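Have a look at the structure below, then the notes.
The values are calculated or read from the model by the stated rules, or taken from the named source; none is laboratory data. Fair warning: this is a prediction, and the values are worked out from it, not measured in the lab. Don't worry about glycine lacking a Cβ; one is built from the backbone with ideal geometry, like all the others, and counts go over all protein chains shown. Keep in mind that these areas ignore ligands, DNA and RNA; they rest on the heavy atoms of the full protein, side chains included. Shrake-Rupley method; radii C 1.70, N 1.55, O 1.52, S 1.80 Å.
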Amino acid sequence: RHELQPEDCWLVVASDGVWNFVDNVEVMQLLDLYEHATTVCIELIHLAAKAWHQNEGDSYRDDITAIVARLPITPLPPDVSARLQAVSSNLKLLHSEARGRLSRG
């Protein structure tokens, strides 16, 4: 667990399919090479896929999932945040109603 600090510049969240063969130092090198989070994410996925191939051959590769964001992430304006909360509430209600219909047959 890491609490974000003001000096943090990047956020990288990835599945074990990335971390099994890619270490923090390699990720930091990618972050230093590229300016855009999307480019870093794509390169990280390519690096992990290549590492899986080198270590496991063509027989197996775990899922490779990554999210990369440049920090700070700008907070949403209050009106947008309120609309997203309303949509989320509506989706929860629809999901609950659908589950009820499914359970009744």
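Remarks
- Segment 43-63: number of residues that are over 30 Å from PRO6 (Cα atoms) and without any contact (Cβ under 8 Å) to a residue 40 or more places away in the chain: 12
- Counting only residues that are touching a strand residue (DSSP E or B) at 6+ places or on another chain (Cβ under 9 Å), open to solvent by 80 Å² or more (accessible area, probe 1.4 Å) and farther than 25 Å from GLN5 by Cα, segment 64-84 holds 0 of them.
- The set of residues in segment 13-46 being of a type in the set (A, V, I, L, M) and either open to solvent by 40 Å² or more (accessible area, probe 1.4 Å) or touching a Phe, Trp or Tyr at 6+ places or on another chain (Cβ under 8 Å) (or both) consists of VAL13, VAL25, MET28, LEU31, LEU33, ALA37, VAL40, ILE42, ILE45.
- Condition met for SER88 (open to solvent by less than 70 Å² (accessible area, probe 1.4 Å), at pLDDT below 90 and within 24 Å of ASP8 (Cβ to Cβ)): no
- Residue that is most open to solvent (accessible area, probe 1.4 Å), among those in segment 47-63 that are touching a helix residue (DSSP H, G or I) at 6+ places or on another chain (Cβ under 6 Å) and at pLDDT below 95: ARG61
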